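First comes the structure, then the notes that go with it.
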Amino acid sequence: MTHQIRFIMVGGFLGAGKTTTLGRLARHYMDQGLSVGIVTNDQATDLVDTNTLRSQGFDVGEVAGACFCCNFDELMGTIEHLGSEEAPDLILAEPVGSCTDLVATVIQPLKRMYEAEFSIAPYPVILKPSHGKRILRNERRAGFSPKAAYILKKQLEEADAILVNRIDELSPEEVDELADLVAEHHPGIPLLRLSAKTGDGFESLVELLNQQGDFGRRVLDIDYDIYAEGEAELGWLNSSLRLTAENEYPLDDVLLQIVSTLRDSLAESEAETAHLKTIGLWEGFFGVANLISSTSEPELSLPSNCQVKAADVIVNARVACDPVILQKHVEQAVEAVCEQHSANAEFRQTQSFRPGRPVPTHRYDSAD
């Protein structure tokens, strides 16, 4: 019998916790003796998620320059490259957080064109509590325009299961409220409660993903004009730089300070943050800091515990503002933090833009 690769894709909005979830899943499966390949995805190169997962020892391929749906052939090529020596038992795929309609443009093409090669797991979508609650409650100040909020709603609509993540940060009452909102908007879709960070509730996710059956059938009725306009409202920035100083500086503090400074300056400009991430890399050590909304606290999600004189730093920012303005905010934040530590920043590459209109390679308007 032909070896089938188990394909697990985990969706969710920017900052929902997809990378942390995939990292925990990869470690779980590897501990079981299975071989795992991870595919990350972004509209540009220099993705913090890719560097974070690779730094944890995982085998990671990246599809950059467009989402999975618009770059399906590269997705398949990346999977093939990950299995160049021996096909992995599982592929864990993390799509761009501003993408939806993935059942029609990724899962259905896989099922129809590569049926013998892949076994498709249930498609879970992570609900980001901070923006998710405001959007599902239809709050006037939900942080994003109705067109951008449309994307988050459509992501949930096509899920085989919805994961309420970050329960370690929420009270039981807040988790119950989110569960009630999901049940109201998406009745009949199973809901799981978990913390990708602590592992609480993770057994239920593994049990879900182990299920056999015909999954990925919730093909959306979607307006691509609204989808494209909602995605284009986000300023997208990936920047790589090198921070050097004559005296050692605490790498983790610098990463947190960059994120904190950005949060404050963007909030003053009334630009809603979807996600900010920074990673600092030094001689095999790394630290990661992030922010998931304008009202959240910056978090050192992976400490390096390093004092350094030089580090390579990558900044990823997804913010509802003009990308030119976003780039200025990032450059000013880095400059301010460097001044505090008598350090110098050498910007090596910066890509700032608005995502273009999604044009899927394949799209099936009904489930196979």
Quiz item: What's the exposure ranking of Phe215, Phe13, going from fewest to most Cβ atoms within 10 Å?
Solution: Phe215, Phe13
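Å³ per residue of the Cα convex hull, for segment 235-353? Display every interim value, and only then the final one.
Numbers: hull volume 9.7 nm³, N = 119.
Dividing the Cα hull volume of segment 235-353 by its residue count gives 81 Å³.
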Exercise. Once you've got the GNM for the chain with C-alpha springs shorter than 10 Å, pick whichever of Ser98, Ser265, Ser171 has the biggest mean-square fluctuation.
Key: Ser171
Self-check item: Label point at Met30 placed 7 Å out along Cα→Cβ; residues across segment 58-93 whose backbone nitrogen lies under 15 Å
Solution: 58-61, 88-93
Exercise. Using the number of other C-beta atoms within 10 angstrom as an exposure proxy, rank Arg141, Arg166 with the fewest first.
Key: Arg141, Arg166
Quiz item: Summing -39500 (n - 2.57) over the DSSP H runs of n ≥ 4 in the chain and dividing by its residue number, what mean residue ellipticity at 222 nm do you reach, to the nearest 500 deg cm²/dmol?
Solution: -10500 deg cm²/dmol
Self-check item: Unit charges at the beta carbon, dipole of the chain: most positive-side option, Leu53, Pro109, Val164
Solution: Pro109
Quiz item: Based on Cβ point charges of +1 for Lys and Arg and -1 for Asp and Glu, what charge dipole magnitude is obtained for the chain about its Cα centre, in debye rounded to the nearest 20?
Solution: 380 debye
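Values in this text are rule-based calculations from the coordinates and carry no lab data. Remember, it's a predicted structure, so these values are computed and weren't measured experimentally. Please note: Cβ atoms are built from the backbone with ideal geometry, for glycine as well, and neighbour counts cover all protein chains shown.
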